[in-house]
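Have a look at the structure below, then the notes.
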Amino acid sequence: MFTSVIIPAAGFGERMGATIGKQFLLLNEKPILVHTLERFEQCAEIHEIIVATQRSSFSIIEEMKKKYSLTKLRSPVEGGERRQDSIANALKLVDPSAEMVSVHDAVRPFVHLKEISQSIETARYFGASIVAVRAKDTIKQASTDGRVEKTLNRSSLWSVQTPQTFQRQILLDAYEFAAKNNITATDDSYLVERIGISPIIVEGSYENIKITTPDDLLLAELLLQRFIP
Ligand code: C5P
């Protein structure tokens, strides 16, 4: 069953304070994005990889393809203003024979192959799946001026990661609905939820961090020393 993965990599990394997108920062002398791409290159269930990034980075992607022998990597597509715009652009170029589409953040290099496979397998049967971990901290809802309004019940809370995988038509329908109704989301699951589908959670690992701020980079260096895909 043909499965494509879309890697949104068009962020500027403002929270990292760097001048290049955090996906291009080096981790053990290799760009974070390459570590991430290698996970999907290694995963037998993935057939093509589509990266969305700034046009000015297209040549970097082409060089990565050659240098790291990333045979599944297609030509890059241009990213958009929001993460979901980047993914919408990539969705248009998914191979017509693809039945399943995964989405995975460029800045999550510590995803395990088992998580990718389980995500695809689950979405195949249930339509949509998301990798997530149980919330470790107590989570509170607060007003914009910092007053606690509500304490949420931790036993039902999950910290959501990627990959998130969908039957292709479900993801297309969700993106069409979001475009028509001006819905903005920080993950694809929310868009799918808005068309009435409840994704199934695949329990993942706390190693699958999203490298966002400078302290994440320090943690990533430590994780890399013992990471087994
Ligand atoms: O901003 P955030 O941390 O949610 O970004 C998650 C992923 O989405 C990153 O890999 C980033 O490069 C990507 N992104 C994108 N297009 C944007 C914003 C973020 O592809 N406009």
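Bear in mind these aren't lab numbers, they're just calculated from the coordinates by the rules spelled out. Because the structure is a prediction, the values reported are computed rather than measured. Note that each Cβ is placed from the backbone with ideal geometry, even for glycine, and that neighbours are counted across all protein chains shown.
The table below lists the values:
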{"quantity": "Residue in region 162-181 that is closer than 27 Å to G17 by Cβ, touching a strand residue (DSSP E or B) at 6+ places or on another chain (Cβ under 9 Å), crowded, with 19+ Cβ neighbours inside 10 Å and of a type outside the set (S, T, Y) present", "calculated": "no"}
{"quantity": "Residues that are in a loop (DSSP other than H, G, I, E, B), farther than 18 Å from V160 by Cα and in contact (Cβ under 8 Å) with a residue 24 or more places away in the chain, drawn from region 171-209", "calculated": "I195"}
{"quantity": "Residue tally, condition surrounded by fewer than 17 Cβ atoms within 10 Å (Cβ to Cβ) and not aliphatic (A, V, I, L, M), over region 191-209", "calculated": "7"}
{"quantity": "Lone qualifier among T151, T212, T138 - being touching a residue at least 40 places away in the same chain (Cβ under 8 Å) and hydroxyl-bearing (S, T, Y)", "calculated": "T212"}
{"quantity": "Single residue of S129, S57, S102 found to be within 26 Å of T212 (Cα to Cα) and within 11 Å of the ligand (Cβ to nearest atom)", "calculated": "S57"}
{"quantity": "Tally of residues being in contact with a Pro (Cβ under 7 Å, 6 or more places away or on another chain), of a type in the set (A, V, I, L, M, F, W, C) and away from the ligand (no atom under 15 Å from the Cβ) across region 105-126", "calculated": "2"}
{"quantity": "Residues (within 14 Å of the ligand (Cβ to nearest atom), part of a loop (DSSP other than H, G, I, E, B) and buried (at least 17 other Cβ atoms within 10 Å of the Cβ)) located in region 3-53", "calculated": "A9, A10, G11, G13, G21, L25"}
